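The values are calculated or read from the model by the stated rules, or taken from the named source; none is laboratory data. All of these numbers come straight from a predicted model, not from anything done at the bench. All Cβ positions, even for glycine, are placed from backbone atoms using ideal geometry, and neighbour counts span all protein chains on display. Quick note on the areas: whole protein, heavy atoms, side chains included, nothing else; ligands and nucleic acids left out. Shrake-Rupley method; radii C 1.70, N 1.55, O 1.52, S 1.80 Å.
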Amino acid sequence: MSHVQTAQGAAVKRPKKRSAFSNRKVDRAYYWMVVPAAVIFGLFLYVPFIQGVAYSFTNSQGFGDYKWIGFKNYVALFSDDRVGHAYLFTFLIAIAITILINVIAMFLAVALNSNLWFKNGFRAIYFIPYTLGVLVIGYVFKYIFMTPLPALGRALNISWLSESLLTSEHYAWVPIVFLAVWQGIAYSTLIYLAGLQTIDGEIYEAASIDGVNGWQRFSKITFPLIGPFFTINLVLTMKNALGTFDQVVALTNGGPDSKTETVTYLIYTGGLTGGEYAYQTANAVLFFIVLAIIAFVQLKFFGNKEKI
Amino acid sequence: MSAATTLTNGAEPAGSEKIKKSRSHRINWWLTAVIAVLSLTILIPLYFTIITALKTPADAGTFGLPGTWEWHNFADAWNKVNYPKAALNSALITVAAVVLTLLTNTFVAYAVARNMDKRFFRFMYYFFIAAMFVPFPVIMLPIAKQFGSWHLDNQIGLVLLYMVLGLGTNLFIATGFIRSIPVSLEEAARIDGAGTWRIFWKIIFPLMGPINATIAILTALWAWNDFLLPLIILTDQSNQTIPLAQYVFSSQFATNYPMAFASYLMAMAPILIVYVFAQKWVISGVMRGAVK
């Protein structure tokens, strides 16, 4: 900035413009703390981001020559059934995952915060899934869904369970949602538990004197007071669920018949191994716009006082 | 915020303490039973993983204990996945990612938190935070391509990427924490002639211990278990991390389930063992991360 100030008379204007901010002199050490990280950050995050946007207007396959083709990729996206299905599938499972995780995690948090026997032990057990890699535990579940569970279904004469859910066009989403929920609950539960710690116990004392029942206790006191944590959780779980990838790789690989392809999975397979580099980059940019809108709406809707 | 409320919680008037004690010591056995039954949804899959790893292929798929305990499954898997190599690789990447994340993160958070009245640092704050909203799929393909041409399609590139992708969220948690550290501490040191770097290392960094522990735990869990980033970044097979090794392994040897399960179990074991010993820390760390 200093060279601007020395340039013809601008020095007079500059300080005035900055008057909203302080004129305190900043130690140079602070710049050394921020600038190197900022450079790496820009290089590895914003540069690829801008490049991605640029590539989305080309017909690149990821290698070799390419031409600018304007909005053709974007137009094509809207008439691509496979892409449309991936978006629909991603949204449906993301909504299911978000609802299930938050309902169950809220229940678990309230339960794990009350007077239980072996309370800390149960907290520890319920957090185990978060420490395991999705892919690895996904393989375990794949096998459970493929062999013992259908065997159980046949033994109990439950028709929908006697075939593997993973190969069913109608039910293949169930194991994916199950795995995502099984793993995601732990983190959300802890966030809710953290929220519950912020509630003053005396509020419950007062309420119990007023003869409040269990459900009212939760809906009128607990839930409103952990509202900010609900918002955090909703945004985080939704963001994670919309990016579902590992679960699909571990369980179905997008099958049967592309029925369980999520947007992230499609971008990965089509873009890196399917020769649709530019096309899937356009898909990614579109996905970004959609996600930004969703995040914005969520924050707006659930109170923008709380940030993520 | 939360600290304040817990403090007032602790300092209650002595009168209500008696009533409270009697109530808080009554264990809710019904709820305990429900929670215990529900915890089976976590324990049964783990039990299944362990016993399957110890069976013969013909015996796999049942929930009963193994007829004969086939310990050699572990040895077979150990050799087939090249486990020591993958584990070492994962460990190095995890440690490097944690160290680099903590360093850059504390620097940036401190500098930004203390200079928010300056336009430059304010801009920097939003520059880092805004990246939280960039979903990874958008940059996935360009990064895969770019890292290849920069010769960063290896562990170094991966570590840098963990640092970059985590920085936004971590910064968000850490700046809030630093603002709660009184500036008067630094002013006193400054009067005694300490420079900014000295103040940072002697005062701020030690005080950031709890929040750094949180960030370290979250980063370590992420880097150890991550599958997508190693998949797109690491091109050389010999650089495989544990999840990646399982991926390659299960597409090649998927028919021998006990051996596969032994391999999965070995992939989970290191983090599970660490967790068993450090679970109190991990849980409180993640909770603190949530309260920002």
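I'd like the accessible area for A:Leu108, computed on protein heavy atoms only with a 1.4 Å probe and all protein chains in place. Round to 10 Å², please.
The accessible area of A:Leu108 comes to roughly 10 Å².
When only the heavy atoms of the protein chains count and the probe is 1.4 Å, how do A:Thr269, A:Thr58 rank by accessible area, highest first?
A:Thr269, A:Thr58
Return the whole-Å distance between the Cα centroid of segment B:152-172 and the Cα centroid of segment A:242-308.
What the calculation gives is 20 Å, centre to centre.
With a point put 7 Å past each Cα toward its Cβ, work out how far B:Leu272 is from A:Ser168 in nm, to one decimal.
Each label point lies 7 Å from its Cα, and together they span 2.9 nm.
Residue by residue through B:192-201, how many Cβ atoms from other chains fall within 10 Å of the Cβ on average?
2
Out of A:Ala96, A:Ala284, A:Ala76, any idea which swings most in a Gaussian network model of chain A, alpha carbons joined below 10 Å?
Checking each option, the largest mean-square fluctuation is seen for A:Ala76.
Counting only other chains, what is the mean number of Cβ atoms within 10 angstrom of the Cβ of each residue in peptide A:237-246?
Per residue, the number of nearby Cβ atoms from other chains is 2 on average.
Show me you know the interface measure: the accessible area buried between B and A, both chains summed, probe 1.4 Å, in Å² to the nearest 100.
By this definition, chains B and A bury close to 9200 Å².
Got a number for carbon plus sulfur as a percent of segment A:110-210's accessible area, 1.4 Å probe?
61
In what sequence, largest accessible area first, do B:Lys145, A:Lys220 appear using a 1.4 Å probe?
Largest accessible area first, the list is A:Lys220, B:Lys145.
Using a 7 Å offset from the Cα along the Cα-to-Cβ direction at both B:Val34 and B:Asn79, what is the distance between the two label points in nm, to one decimal?
Here the modelled spin labels are 5.2 nm apart.
Quick one: with all protein chains in place, what share of the accessible area of segment B:113-226 is carbon or sulfur, to the nearest percent (1.4 Å probe)?
Taking all protein chains in place, segment B:113-226 shows 66 percent carbon and sulfur surface.
Counting only C-alpha contacts under 8 Å and six or more residues apart, can you give the relative contact order of chain A as a whole percent?
Across chain A, relative contact order equals 27 percent.
For a label point 7 Å from the Cα of B:Ile156 along Cα→C-beta, name the residues of segment B:201-236 whose backbone N is under 17 Å from it.
Residues passing the 17 Å test: B:233-236.
Using R₀ = 45 Å, calculate the FRET efficiency as 1/(1 + (r/R₀)^6) where r is the Cβ-Cβ separation of B:Arg119 and A:Glu205; round to 0.05.
It comes to 0.40.
For the Cα atoms of chain B, what angle does the longest principal axis make with the long axis of helix B:257-291, in degrees from 0 to 90, nearest 10?
20
Kindly report, to the nearest 10 Å², the accessible surface of B:Leu228 as traced by a 1.4 Å probe over protein heavy atoms only.
Its heavy atoms expose roughly 20 Å² to the probe.
How charged is the neighbourhood of A:Lys119? Take every other residue with its Cβ under 15 Å from the Cβ of A:Lys119, and add Lys/Arg as +1 and Asp/Glu as -1.
Summing Lys and Arg as +1 and Asp and Glu as -1 gives +3.
Is there a simple number for the mean count of other chain Cβ atoms within 10 Å of the Cβ of residues in B:276-285, and what is it?
Across B:276-285, the average partner-chain Cβ count within 10 Å equals 3.
Let me make sure I get this right: for segment A:174-232, a, b and c are the square roots of the gyration tensor eigenvalues over alpha carbons, sorted descending. Under 1.5 in a/c it's rounded, otherwise prolate if a/b > b/c, else oblate. Which is it?
Cα axes put segment A:174-232 in the prolate bin.
Would you mind getting me the FRET efficiency between A:Val35 and A:Val290? Use the beta-carbon distance for r and R0 = 35 Å, nearest 0.05.
About 0.55, to the nearest 0.05.
What is the sum of charges around B:Ala245, taking Lys and Arg as +1, Asp and Glu as -1, for the other residues whose C-beta is under 11 Å from the C-beta of B:Ala245?
Residues near B:Ala245 contribute +2 overall.
Given the DSSP H assignment, sum -39500 (n - 2.57) over each helix run of at least 4 residues in chain B and divide by its residue total; what's the result at 222 nm in deg cm²/dmol, nearest 500?
-24500 deg cm²/dmol
Between A:Asn23, A:Asn283, A:Asn157, find the one with the highest GNM mean-square fluctuation for chain A; connect C-alpha pairs within less than 10 Å.
A:Asn23
In the neighborhood of B:Thr49, defined by Cβ-to-Cβ distances under 13 Å, what is the net charge if each Lys or Arg adds +1 and each Asp or Glu adds -1?
Local charge sum for B:Thr49: +2.
If the elastic network links every pair of Cα atoms under 10 Å, which of A:Tyr277, A:Tyr30, A:Tyr55 fluctuates the most in the Gaussian network model of chain A?
Its mean-square fluctuation being the largest, the pick is A:Tyr30.
Separation of segment A:121-166 and segment B:99-144 by C-alpha centroid, Å?
One Cα centre to the other: 39 Å.
Defining a contact as two alpha carbons under 8 Å apart and six or more residues distant in sequence, what relative contact order in percent does segment A:48-176 show?
10
Rank these residues by their accessible area, most exposed first, probe 1.4 Å: B:Glu187, B:Glu70.
Largest accessible area first, the list is B:Glu187, B:Glu70.
What accessible area per residue comes out for the protein assembly as shown, rounded to a whole number of Å², with a 1.4 Å probe?
Here the residues of the protein assembly as shown average 47 Å² of exposed surface.
May I ask you to compute the full-extension gain from A:Phe63 to A:Lys300, defined as 0.36 nm times their residue separation minus their alpha-carbon distance, rounded to one decimal in nm?
Here the answer is 81.2 nm.
Which value in nm describes the separation of the simple spin-label points at A:Ala155 and B:Leu207, placed 7 Å from the Cα toward the beta carbon?
Between A:Ala155 and B:Leu207, the label points sit 6.1 nm apart.
With every protein chain in place, what's the accessible area of A:Asp246 (1.4 Å probe, Å², nearest 10)?
A:Asp246 has an accessible surface of roughly 30 Å² with all protein chains in place.
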